[in-house]
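Read-outs throughout are calculated quantities, based only on the coordinates presented, and are distinct from any laboratory measurement. Predicted, not measured: the structure shown is a model, and the values here were computed from it. Every residue, glycine among them, receives a Cβ derived from its backbone with ideal geometry; neighbour counts consider all protein chains shown.
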Amino acid sequence: MKKLFLLLLLTSFSITAQQVDLAYYLPDGTYNPAIPTPKSVIGHEVGEWHVSHDKLAEYMKALAKSSDRISIENRGITFEGRPLLLLTITSPENHQNLESIRKKHIDGTNNFSADVSNDKIVVYQGFSIHGNEPSGSNAALAVAYYLAASQDIDDLLENTVILFDPSFNPDGLQRFAYWANTNRSMNINPDPNDREYREVWPRGRTNHYWFDMNRDWLPVQLPESKVRIESFHKWLPNILTDHHEMGSNSSFFFQPGIPSRTNPLTPQMNQDLTKEIATYHAKAFDKIGSTYYSEESFDDFYYGKGSTFPDINGSIGILFEQGSSRGHAQETVNGVLTFPFTIRNQFTAALSTLEAAKNMSVKLLEYQQDFYRNSKKSETNKAIVFGDAKDAAKTYHLAEVLNRHKIKIHELNADVTIDGKTFKKDYSFVVPMNQKNQRLVKAMFDVRKKFKDSFFYDGSALSFQHAFCVEYVNYFSVSKT
Ligand SMILES: [Zn+2]
């Protein structure tokens, strides 16, 4: 008994005395002393406490103020009035020409430039869309510091535009930080039964109205999604990363997911590139001695998710899942999982993504242009029509979703009958297939009834004309009318 007591004391002591230092996360190198560290602004080390959104925002603003590599914008507010910040991180020279870099990038997806070797690659890095999966947003503190302060990344910054979204879900992050910090003991108790690890309902996963925002990338109904999708279409990133957490007994997952659960509208090349990017994560995790896996869980099917939505837009969406400490340190089948450890893994994946982007930029830029070039070649004389003769509001709100995705639609200039169905002027819209976002249109309107696999992690069949309960005709020949 005495021995057990001593052992318990030692365990408790080791967790209490765990000194978290910024150096734990950072690679060796030279750092600009003029850039404020997270601790100097928010008052505690990364991983010592769960960062509240207020402090996260305070630090991002401080970084933007002190670094000519970073600009910051507030794109709107959450239901609870928190800012929806986006940092743009690139070289100071690129910042001088940012709008022309953006236009050239978008132009490449419209007119397909012959040579992309001098083009900048665009990477969107987003964290903790589920607020109680906090290692992502807490890692964002260290990643942003690294990108502002490291003096060894000129090459990366010169060739990359990073759109950095430190918190996809500010209200959920704040709710979870309150819980974990309020219930933290002076001597951290890693017993999973401790109150700290039993977050009270409704928990921090969702936003203010308890919506899971990681199903809203396609429907775009929530304020957080609206500004994010606007940023996405404005820049069309080549890679988008989505940092999550999963059960505490797991290690670290990165995509590809289970191959048979990939949406058939996603080109095979997308999965091949995802796999090649994964080799960078594997190498980085080997270097720090963390375990990981790929292709054995999660899927890439429902386009309303952050890691799948980019796949139908010429981009590569990547899901990261870290086993959660769901507090400051928790016992698991693998031993005590500390919060700083989970943050370090997310930090490592964020950097390996940028390494892959830098080395694979030509491949990824060419892939994106091919994606849109091939879209324009097929079904050019076809269209979709949808409407409801009695309820103009349903039609209007479906059209609103399409507008948010920059999908071209037309009003009817007269009543029309197609395949025996009559569509009334002012109550119907036509979606031509001859447009840039043709594959995204298909993602919303295809009626899928056959699947390669009978199991899914997530949504499988979803068609917007059924979700909105409107009459429709899919892919009719325009010559018919
Ligand atoms: Zn999640």
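Below is a table of values for the structure above.
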{"read-out": "Cα shape, the stretch 102-173, gyration tensor, a/c 1.5 rule", "value": "oblate"}
{"read-out": "The chain: relative contact order in percent, alpha carbon pairs under 8 Å with at least 6 residues between", "value": "16"}
{"read-out": "Net dipole in debye of the stretch 52-109 [+1 Lys, Arg Cβ; -1 Asp, Glu Cβ; about Cα centre; nearest 20]", "value": "40"}
{"read-out": "Hits among aspartates and glutamates - C-alpha to C-alpha of Lys226 under 20 Å, sequence gap 8 or more where chains match", "value": "Glu73, Glu80, Asp165, Asp171, Asp212, Asp216, Asp242, Asp311, Glu400"}
{"read-out": "Net charge, Phe468 excluded, C-beta distance under 12 Å - Lys, Arg +1, Asp, Glu -1", "value": "-3"}
{"read-out": "Cross-link pairs Lys275/Lys358; Lys275/Lys305; Lys421/Lys449; Lys394/Lys442; Lys305/Lys421; Lys406/Lys450 - those with Cα-Cα distance over 24 Å", "value": "Lys305/Lys421; Lys406/Lys450"}
{"read-out": "Reachable aspartates and glutamates from Lys377, criterion Cα separation under 14 angstrom, eight or more residues apart if same chain", "value": "none"}
{"read-out": "Ranked Asp388, Asp152, criterion: other C-beta atoms within 10 Å, fewest first", "value": "Asp152, Asp388"}
{"read-out": "For the stretch 231-241, 3J(HN,Hα) per residue [Karplus equation, 6.51 cos²θ - 1.76 cosθ + 1.60, θ = phi - 60°, Hz, x = Gly/Pro]", "value": "4, 4, 5, 5, 10, 6, x, 7, 9, 10, 10"}
{"read-out": "Environment charge of Ala389, counting only residues whose C-beta is closer than 14 Å and scoring Lys/Arg +1, Asp/Glu -1", "value": "0"}
{"read-out": "Three-way shape label, the stretch 265-316, alpha-carbon gyration tensor, a/c 1.5", "value": "prolate"}
{"read-out": "Gyration tensor verdict on the chain (Cα atoms; rounded if a/c is under 1.5, prolate if a/b is larger than b/c, oblate otherwise)", "value": "prolate"}
{"read-out": "Charge dipole of the chain about the Cα centre (unit charges at C-beta), most positive-ward option of Ala443, Thr109, Ser361", "value": "Ala443"}
{"read-out": "Spatial separation of Cα centroids for the stretch 62-87 and the stretch 90-120, in angstrom", "value": "23"}
{"read-out": "³J(HN,Hα) computed for each position of the stretch 167-178 - Karplus, 6.51 cos²θ - 1.76 cosθ + 1.60, integer Hz, glycine/proline x", "value": "8, 5, 9, x, 5, x, 4, 4, 5, 6, 4, 4"}
{"read-out": "Exposure proxy order (Cβ contacts within 10 Å, fewest to most) of Thr241, Thr160", "value": "Thr160, Thr241"}
{"read-out": "Alpha carbon centroid spacing (whole Å) that separates the stretch 365-387 from the stretch 325-350", "value": "43"}
{"read-out": "Footprinting exposure proxy for Ser460, Ser477 (fewest neighbouring C-beta atoms within 10 Å first)", "value": "Ser477, Ser460"}
{"read-out": "Distance from the stretch 403-475 to the stretch 250-273 (C-alpha centre basis), Å", "value": "25"}
{"read-out": "Amide N of the stretch 26-41 lying under 13 Å from the label point, which is placed 7 angstrom from the Cα of Gln151 along Cα→Cβ", "value": "29-35"}
